[in-house]
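S.K.: One structure coming up, written as structure tokens, with questions to follow.
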Amino acid sequence: MADVAHQTAFVRHAALPEREPPTAQAGAVHWLRANLFNSWFNALLTLLLVYIIVQAVLGVWPWFAGATWEAGSLQECRERGGGACLAVINERWRQFLFGFYPRTEHWRPAVTFLWLCIAIAPVLFPAVPRRLFWATALFPFFAYWLIWGGSLWPVLMTLGGLGLGYAAYRFAAGRLGAMTAALAGLLVLVVWLQVVAGPLARELSRMIPLDLVTVPSRNIGGFTLTFVIGVSGISLSLPLGILLALGRQSKMFFIKTLCVGFIEFIRGVPLITLLFVASVMLAYLLPPGTTFDLVLRVIIMVTLFASAYIAEVIRGGLAALPRGQYEAADAMGLTYWQAMQLIILPQALKISIPGIVNVFIGLFKDTTLVAIIGLLDPLGLSTAVRATTEWNGVIWELYGFIALIFFAFCYGMSKYSQHLERRLRTEHR
Amino acid sequence: MAEAILDPGELKRPNPSALRVSDERAIEIVGMNKWFGQFHVLRDIDLTVYKGERIVVCGPSGSGKSTLIRCINRLEEHQTGTIRVEGVELTSDLKNIDRIRSEVGMVFQHFNLFPHLTILENCTLAPIWVRKTPKKEAEEIAMQTLEKVRIPEQAQKYPGQLSGGQQQRVAIARALCMRPKIMLFDEPTSALDPEMIKEVLDTMIQLAEEGMTMICVTHEMGFARSVANRVIFMDQGQIVEQNAPEPFFNNPQSDRTKLFLSQILGH
Ligand SMILES: Nc1ncnc2c1ncn2[C@@H]1O[C@H](COP(=O)(O)OP(=O)(O)OP(=O)(O)O)[C@@H](O)[C@H]1O
Ligand SMILES: [Mg+2]
């Protein structure tokens with residue numbers, strides 16, 4: 001016994017020094033081995049796929065390389081060669097971007113788009129200076145003015161009203177408590193908009209006209225329309241979806257029933273139906289004499305539609321949170337809204353990012369459905385273009401162009417969502 | 001009931017002169033009953049806790065220990081009887097509830113740290129939003145508290161990067177940052193590996209020395225012996241026996257207590 005103990009007992013007296021890990025087996029050859037040719041079956045698959053890709057590229061390339069950029073009609077294109085007839089894009093790209101927006105005013109949607117890029121930068125990337133949020137806050141008001149035109153004064157009045165309402169809220173919050181103060185702020189806003197803003201705006205317009213040419217909704221088209229509907233729909237449906245998801249979890253019977261009913265109804269109806277309702281039915285339902293812009297109606301319907309889906313996605317995220325998170329928030333004395341804002345929603349939304357972005361991408365592409373109710377989005381326009389005598393018969397070039405632009409933006413959204421998921425990853429398991 | 005039983009000798013001994021108990025009432029529970037549906041979880045609970053008391057609650061699984069302490073900060077709602085905390089009665093009045101919750105700290109079995117916030121943010125959140133402490137001051141308080149639980153160097157990390165024992169000490173620090181008058185612990189060590197239990201218990205002992213009123217659900221009988229001034233035994237939703245630790249362990253009166261102690265102490 002003692003002998004065995006003598007042989008197996010072991011004490012390390014000096015610690016082993018740290019060593020470098022073995023250098024990775026790297027190099028192109030190794031990569032090919034590991035990823036493409038690691039068995040005879042995989043090697044076969046690789047060769048087959050390479051063959052298919054090469055064939056596809058060889059098939060399409062001559063069509064693309066022999067493209068005609070300058071031509072007045074499809075007929076002319078065909079006479080110049082057998083390649084793609086990109087002349088149609090060259091001639092009609094402005095129409096695809098702006099629809100029937102007046103030619104002299106095309107700078108307005110363009111400026112709006114640039115402003116949009118600046119406005120979403122601080123929302124998407126924390127590295128962007130926070131001061132840029134001013135651009136974000138002002139964007140909806142000025143975008144409305146830039147796109148539809150008219151006098152700037154009503155827009156400024158609305159902004160002023162919001163400012164006054166907020167000032168009233170801040171003034172009252174210290175004295176009367178948050179709830180009363182919010183009501184006071186709202187009251188100031190409503191009184192301002194109903195009583196003061198209208199006449200004041202008229203008076204000011206007379207003295208200092210700040211007018212842009214009014215552009216009616218039916219002239220807004222192409223990707224401008226896609227973006228007007230898509231961006232409004234996306235930015236409005238997220239907050240609405242969050243409220244619906246929270247409402248669905250509520251303990252208050254009526255709120256819960258209302259939210260569940262709304263979500264289930266909207267999910268059970270095709271978007272096309274809602275769009276028809278927007279284009280035809282709402283005119284009957286609204287009091288006679290109200291003119292309610294068609295694009296605005298479409299935005300409302302698209303927003304409602306997407307918000308129901310987002311609500312369900314977020315509900316999944318909420319359900320995935322352990323109950324302990326709610327309890328810890330409660331036990332600290334946070335109010336319901338504080339707990340939601342600080343603890344629950346940041347986590348639930350993080351879990352829901354892929355689903356939410358999925359809905360956003362769907363919404364963005366679904367804007368093309370408005371072609372069916374007669375709005376001239378890119379798809380509607382392409383039908384119009386193909387109906388002309390010059391371009392009758394152009395298919396691939398038009399739809400390829402539209403698809404490419406949609407793809408670029410949808411791919412961007414998808415990439416951003418992956419980036420966001422990585423950035424927000426804090427658990428290291 | 002395979003709880004790790006720590007030998008009391010291993011624990012830091014509290015300084016007895018620091019353990020004073022006043023006759024001011026911190027918590028007063030009178031004739032409290034609670035049901036989950038048809039199930040009568042808590043039956044006629046009467047319990048008065050004085051300021052500075054360290055109470056250990058033990059009992060078999062499902063006896064209602066968690067439910068009892070969760071009623072004190074109204075994570076669970078009681079149906080009959082009254083609960084007063086620091087003189088304020090718990091009713092459905094939300095203002096009162098939030099006020100009491102900000103005075104009562106709670107530590108959970110599974111820590112329940114907020115994984116999307118850093119340790120420091122976990123600790124400053126409630127002071128900033130509930131107490132309206134300026135951020136700077138809240139961070140100073142948080143750093144002091146983290147030093148007290150001996151993990152200031154982890155302040156910028158996320159909970160997922162810490163060990164279980166460290167997470168539980170952060171959870172204690174998070175509760176302490178609100179400067180609570182009462183601390184509730186629900187089995188704070190039973191999700192921990194044995195070698196981490198001691199670091200958490202030491203932190204709790206330190207808290208007891210500072211005169212904190214504590215109610216602690218635990219099966220760490222070593223801790224109960226050395227720190228508690230009163231041990232409460234619960235079974236089937238009732239308080240079956242309560243006593244100072246010495247007589248409680250050496251001379252239990254009820255048969256159920258004897259049975260429980262023999263199981264848990266492994267005699
Ligand atoms: N939300 C709930 N709904 C219904 N029954 C519940 C609920 N919470 C707890 N119970 C039941 O109430 C009883 C008491 O639960 P409690 O969690 O208070 O026990 P405990 O003494 O803490 O047990 P353990 O030592 O296992 O933590 C158990 O039988 C449990 O099944
Ligand atoms: Mg329990």
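The values are calculated or read from the model by the stated rules, or taken from the named source; none is laboratory data. Just so it is clear, the structure is predicted and the values come from calculations on it, not from any experiment. All Cβ positions, even for glycine, are placed from backbone atoms using ideal geometry, and neighbour counts span all protein chains on display. Just the protein is used for accessible areas: all its heavy atoms, side chains included, with ligands, DNA and RNA removed. Shrake-Rupley method; radii C 1.70, N 1.55, O 1.52, S 1.80 Å.
S.K.: With away from ligand 2 (no atom under 16 Å from the Cβ), more than 14 Å from A:ALA328 (Cα to Cα), in contact (Cβ under 8 Å) with a residue 60 or more places away in the chain and within 19 Å of the chain's Cα centre (by Cα) as the only criterion, which of B:GLU77, B:GLU86 stands out? Steps first, please.
M.R.: On the way: B:GLU77 fails: in contact (Cβ under 8 Å) with a residue 60 or more places away in the chain.
None of the other options fit; the residue is B:GLU86.
Condition check ((1) aliphatic (A, V, I, L, M); (2) in a loop (DSSP other than H, G, I, E, B); (3) on the phi < 0 side of the Ramachandran plot) across all residues:
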{"site": "A:ASN358", "(1), (2), (3)": "no, no, yes"}
{"site": "A:VAL385", "(1), (2), (3)": "yes, no, yes"}
{"site": "A:GLY393", "(1), (2), (3)": "no, yes, no"}
{"site": "A:TYR411", "(1), (2), (3)": "no, no, yes"}
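S.K.: Now a separate question. Of all residues in region A:62-88, which are assigned to a helix (DSSP H, G or I), open to solvent by 20 Å² or more (accessible area, probe 1.4 Å) and closer than 13 Å to A:GLU390 by Cα? Outline the logic, then answer.
M.R.: Of region A:62-88, the ones assigned to a helix (DSSP H, G or I) are A:62-65, A:74-80, A:87-88.
Checking the rest, the ones that are also open to solvent by 20 Å² or more (accessible area, probe 1.4 Å) come to A:62-65, A:75-76, A:78-80.
A:GLN75, A:GLU76, A:ARG78 - these are the residues of region A:62-88 that are assigned to a helix (DSSP H, G or I), open to solvent by 20 Å² or more (accessible area, probe 1.4 Å) and closer than 13 Å to A:GLU390 by Cα.
S.K.: What's the number of the only condition in (1) more than 24 Å from B:ALA126 (Cα to Cα); (2) within 12 Å of the chain's Cα centre (by Cα); (3) away from ligand 1 (no atom under 16 Å from the Cβ) that B:GLU209 fails to meet?
M.R.: With respect to (1) more than 24 Å from B:ALA126 (Cα to Cα); (2) within 12 Å of the chain's Cα centre (by Cα); (3) away from ligand 1 (no atom under 16 Å from the Cβ), B:GLU209 is out only on (2).
S.K.: Which residues, taken from region B:179-206, are in contact with a Gly (Cβ under 6 Å, 6 or more places away or on another chain), away from ligand 1 (no atom under 16 Å from the Cβ) and not in a helix (DSSP H, G or I)?
M.R.: Passing the criteria: B:PRO180, B:MET183.
S.K.: Here is a list: B:ILE197, B:ILE172. Which entry is crowded, with 18+ Cβ neighbours inside 10 Å, within 14 Å of another protein chain (Cβ to nearest Cβ) and hydrophobic (A, V, I, L, M, F, W, C)?
M.R.: The match here is B:ILE172.
S.K.: Moving on. Name the residues in region B:173-197 that are of a type in the set (A, V, I, L, M) and within 16 Å of ligand 2 (Cβ to nearest atom), would you?
M.R.: Let us first name the residues in region B:173-197 that are of a type in the set (A, V, I, L, M), namely B:173, B:175-176, B:178, B:182-184, B:191-192, B:196-197.
Scanning region B:173-197 gives B:LEU184, B:ALA191, B:LEU192.
S.K.: A further question follows. When you check A:ILE356 against the structure, is it touching a residue at least 24 places away in the same chain (Cβ under 8 Å), away from every other protein chain (no Cβ under 14 Å) and open to solvent by 20 Å² or more (accessible area, probe 1.4 Å), yes or no? If you could, list the steps in order and put the result at the bottom.
M.R.: Working: touching a residue at least 24 places away in the same chain (Cβ under 8 Å): yes; away from every other protein chain (no Cβ under 14 Å): yes; open to solvent by 20 Å² or more (accessible area, probe 1.4 Å): no.
Answer is no for this residue.
S.K.: Looking only at region B:132-180, count every residue that is more than 29 Å from B:ILE100 (Cβ to Cβ) and free of Cβ contacts under 8 Å to residues at least 12 places away in the same chain and tell me the total.
M.R.: 3
S.K.: Answer yes or no as to whether B:LEU113 is touching a residue at least 40 places away in the same chain (Cβ under 8 Å) and within 16 Å of ligand 2 (Cβ to nearest atom). I'd like the intermediate steps shown before the answer.
M.R.: Values: touching a residue at least 40 places away in the same chain (Cβ under 8 Å): yes; within 16 Å of ligand 2 (Cβ to nearest atom): no.
So B:LEU113 fails the test.
S.K.: Assuming A:THR367 fulfils every condition listed in (1) facing chain B (nearest Cβ under 10 Å); (2) part of a helix (DSSP H, G or I); (3) surrounded by 19 or more Cβ atoms within 10 Å (Cβ to Cβ) apart from one, which condition is it?
M.R.: (1)
S.K.: Of all the residues that make up region B:31-86, how many are β-branched (Val, Ile, Thr), more than 10 Å from ligand 1 (Cβ to nearest atom) and open to solvent by less than 20 Å² (accessible area, probe 1.4 Å)? Steps first, please.
M.R.: Here is the first cut: in region B:31-86, the ones β-branched (Val, Ile, Thr) are B:41, B:45, B:48-49, B:55-57, B:67, B:69, B:72, B:80, B:82-83, B:85.
Then drop every residue that is not more than 10 Å from ligand 1 (Cβ to nearest atom), which leaves B:45, B:48-49, B:55-56, B:72, B:80, B:82-83, B:85.
Checking which are open to solvent by less than 20 Å² (accessible area, probe 1.4 Å) leaves us with B:45, B:49, B:55-56, B:72, B:83, B:85.
So the count comes out to 7.
S.K.: Say we look at region B:228-239 and pick out the residues that are open to solvent by 10 Å² or more (accessible area, probe 1.4 Å) and in a strand (DSSP E or B); which of these is nearest to ligand 2 (Cβ to nearest atom)?
M.R.: B:ASP235
S.K.: Considering every residue within region A:166-181, establish whether at least one is at pLDDT below 90, open to solvent by less than 70 Å² (accessible area, probe 1.4 Å) and under 29 Å from the mean Cα position of the chain (by Cα).
M.R.: no
S.K.: Of the residues A:ILE310, A:ILE343, A:ILE314, A:ILE272, which is surrounded by fewer than 22 Cβ atoms within 10 Å (Cβ to Cβ), part of a helix (DSSP H, G or I) and either of a type in the set (Val, Ile, Thr) or touching a Cys at 6+ places or on another chain (Cβ under 6 Å) (or both)?
M.R.: A:ILE272
S.K.: Continuing with this model, one more query. Within region A:135-145, can one find any residue that is loosely packed, with under 14 Cβ neighbours inside 10 Å, of a type outside the set (Val, Ile, Thr) and modelled with pLDDT of 90 or more? Steps first, answer last, please.
M.R.: Just the residues of region A:135-145 that are loosely packed, with under 14 Cβ neighbours inside 10 Å, to begin with: A:137.
Keeping just the survivors that are of a type outside the set (Val, Ile, Thr) gives A:137.
Still in the list and also modelled with pLDDT of 90 or more: A:137.
Yes, the conditions are met somewhere in region A:135-145.
S.K.: May I pose another question? Using the structure shown, decide if A:LEU424 is in contact with a His (Cβ under 9 Å, 6 or more places away or on another chain) and not polar (S, T, N, Q). Steps first, please.
M.R.: Values: in contact with a His (Cβ under 9 Å, 6 or more places away or on another chain): yes; not polar (S, T, N, Q): yes.
In short, yes.
Residues checked against (1) open to solvent by less than 80 Å² (accessible area, probe 1.4 Å); (2) of a type in the set (A, V, I, L, M):
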{"residue": "A:PRO378", "(1), (2)": "yes, no"}
{"residue": "A:SER382", "(1), (2)": "yes, no"}
{"residue": "A:VAL394", "(1), (2)": "yes, yes"}
{"residue": "A:LEU398", "(1), (2)": "yes, yes"}
{"residue": "A:PHE401", "(1), (2)": "yes, no"}
{"residue": "A:PHE406", "(1), (2)": "yes, no"}
{"residue": "A:TYR411", "(1), (2)": "no, no"}
{"residue": "A:GLU421", "(1), (2)": "yes, no"}
{"residue": "A:LEU424", "(1), (2)": "yes, yes"}
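Conditions tested, residue by residue: (1) out of contact with any Cys (no Cβ under 8 Å at 6 or more places or on another chain); (2) within 12 Å of another protein chain (Cβ to nearest Cβ).
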position	(1), (2)
B:ARG74	yes, yes
B:ILE83	no, no
B:ASN96	yes, yes
B:VAL104	yes, yes
B:PRO115	yes, yes
B:LYS135	yes, no
B:MET143	yes, no
B:GLU147	yes, no
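S.K.: Right, something else. Restricting to region B:153-169, give me the number of residues that are outside any helix (DSSP H, G or I) and either within 13 Å of chain A (Cβ to nearest Cβ) or open to solvent by 20 Å² or more (accessible area, probe 1.4 Å) (or both).
M.R.: We begin by selecting, within region B:153-169, every residue outside any helix (DSSP H, G or I); these are B:155-158, B:162-163.
Those still in the list that are either within 13 Å of chain A (Cβ to nearest Cβ) or open to solvent by 20 Å² or more (accessible area, probe 1.4 Å) (or both) too: B:156-158, B:162-163.
The total comes to 5.
S.K.: Going through region B:215-227 one residue at a time, which ones are open to solvent by 10 Å² or more (accessible area, probe 1.4 Å) and away from ligand 1 (no atom under 13 Å from the Cβ)?
M.R.: To start, the set of residues in region B:215-227 that are open to solvent by 10 Å² or more (accessible area, probe 1.4 Å) comprises B:219, B:225-226.
Correct list: B:ARG225, B:SER226.
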